[in-house]
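Below is one structure, written out as structure tokens; the observations come after it.
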Amino acid sequence: MSRGITVKAGILSVILPLVLTACTDPNDPRFYHAAPNTTPESAAHLIMGAPDTGFLGIGRTTIRAIAVDGKGVSSEYNVAPMFDAPPLPLAPGTHAILFRAFSDPVAAYVCTNIMFEQGKTYIARTTELDIDSTTIWLEDNATGQLVGQKYAAATFREPLMLMSGVVFQAIFAHPLPPCPAPVEAK
């Protein structure tokens, strides 16, 4: 009897996050959106980069923006590593961005405060993850130059689970590090 309940609970733990993610409204005010009058030409753009690790997406190090100015980032910009996500449009100005880099079983988190300029494209980078030390930074995509500083990330053991992230954090892991919006962004 208990094995059947365990199997059902396991199936539910896989299906429920998929359903909840599919039902989210991309216009939900809990998600970050560039200002309504921001056009592709007037926005700054953020691309997620990753070191060239792993094979066919297995064991690959990924980096994602999980919050901008205290608001979540739509899954549209955080897709599986073997697919290209569109650049995340940002209104020009200073933004607090919470990044999560992951390579099973290590996750690294860092809150950055970066000034984004109109018309520029930036790429988020990370070193290969290590439980002892991981670094996350941003580069100007056109020049490859460092933007701001390199940040030492807080690392945690997070074994891979389907749809890990906010739901996984809330139930099984440590709380997400705080990353409040800068005063100008509020």
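Coordinate-derived values only; no laboratory data. All values reported here derive from a predicted model rather than from experimental measurement. All Cβ positions, glycine included, derive from the backbone under ideal geometry; neighbour counts span all protein chains shown.
Please list, in chain and number order, the residues 5+ apart from T94 or on another chain whose amide H is under 5 Å from its amide H, with Hs placed from the backbone. Here F116 satisfy the definition. Rounded to the nearest 0.05, the FRET efficiency derived from the C-beta distance between H33 and E128 at R0 = 25 Å is 0.15.
Here the Karplus relation 6.51 cos²θ - 1.76 cosθ + 1.60, evaluated at θ = phi - 60°, turns the backbone of the range 94-102 into coupling constants of 8, 10, 9, 10, 8, 9, 10, 9, 9 Hz, with x for every Gly and Pro. For V147, the amide hydrogen comes within under 5 Å of the amide hydrogens of L138, E139, D140, counting only partners 5 or more places away or on other chains and with H modelled in the peptide plane. For S74, the amide hydrogen comes within under 5 Å of the amide hydrogens of Y32, counting only partners 5 or more places away or on other chains and with H modelled in the peptide plane.
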